[in-house]
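The values are calculated or read from the model by the stated rules, or taken from the named source; none is laboratory data. A quick note: this is a predicted structure, and the numbers were derived from the prediction, not measured. As a convention, Cβ positions derive from the backbone with ideal geometry for all residues, glycine included, and neighbour counts pool all protein chains shown. Protein only, heavy atoms only, side chains kept; ligands, DNA and RNA dropped before computing areas. Shrake-Rupley method; radii C 1.70, N 1.55, O 1.52, S 1.80 Å.
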Amino acid sequence: MTINEKQDELIEDFALFDDWENKYEYIIDMGKQLAPLPEAYKTEENIIKGCQSRVWLHAETDGENVKFEADSDAIIVKGLVSMLVKVLSGHTAEEIAQTNLYFMEKIGLHQHLAQTRSNGLASMVKQMKTYGLAYQSLNG
């Protein structure tokens, strides 16, 4: 699946819920389904700056593609980062660096998250795109 197909799938999933209470539950469920991050990757250098909660992000290349693993000490934030991992992991560095992540706006995340969470989400996106740019320059 392409990044946009994964985004469209998330948008469709969120359209099934009538209210934000159910959407938050879905985000939390996605966080619970995220594979645990190995303790070896829960390091200071893997913490995303700009997040109120602690969020760890590990990236590595698997041939042409970048694979992301993440975790958080806050359940809703773990759900948010799990959506980003689901959408971006397994794609090329170039695709990650250049993609337009429109799903967050389409499902209304920014309007329904506290300002600090919204800023944290932006920091997660920025870090993942930075990894994309870094790996792209290594491969280029």
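Worth a mention:
- Verdict on VAL66 being over 18 Å from LYS49 (Cβ atoms), modelled with pLDDT of 95 or more and of a type in the set (Val, Ile, Thr): yes
- Of the listed requirements (1) farther than 22 Å from HIS91 by Cα; (2) in contact with a helix residue (DSSP H, G or I) (Cβ under 7 Å, 6 or more places away or on another chain); (3) open to solvent by 20 Å² or more (accessible area, probe 1.4 Å); (4) of a type in the set (A, V, I, L, M), VAL77 misses just one: (3).
- Criterion (touching a strand residue (DSSP E or B) at 6+ places or on another chain (Cβ under 8 Å) and either among the aliphatic types (A, V, I, L, M) or open to solvent by less than 70 Å² (accessible area, probe 1.4 Å) (or both)) met by exactly one of LYS42, LYS129, LYS67, LYS23: LYS42
- Checked against (1) free of Cβ contacts under 8 Å to residues at least 40 places away in the same chain; (2) over 13 Å from the mean Cα position of the chain (by Cα); (3) surrounded by fewer than 18 Cβ atoms within 10 Å (Cβ to Cβ), GLN33 meets all criteria but (1).
- Taken over segment 1-20, the criterion of being open to solvent by 40 Å² or more (accessible area, probe 1.4 Å), among the hydrophobic types (A, V, I, L, M, F, W, C) and farther than 13 Å from ILE107 by Cα is satisfied by MET1 alone.
- Residues located in segment 50-103, provided they are more than 21 Å from ALA114 (Cβ to Cβ) and among the β-branched types (Val, Ile, Thr): THR61, VAL66, VAL85, VAL87, THR92, ILE96, THR99
- Pairs are defined by a Cβ separation below 7 Å, a sequence spacing of at least 6 or placement on different chains, a first member in segment 40-51 that is free of Cβ contacts under 8 Å to residues at least 40 places away in the same chain, and a second member that is crowded, with 16+ Cβ neighbours inside 10 Å and of a type in the set (A, V, I, L, M, F, W, C); the pairs so defined are TYR41/TRP56; LYS42/TRP56; ASN46/TRP56; ASN46/LEU57; ILE47/VAL55; ILE47/TRP56.
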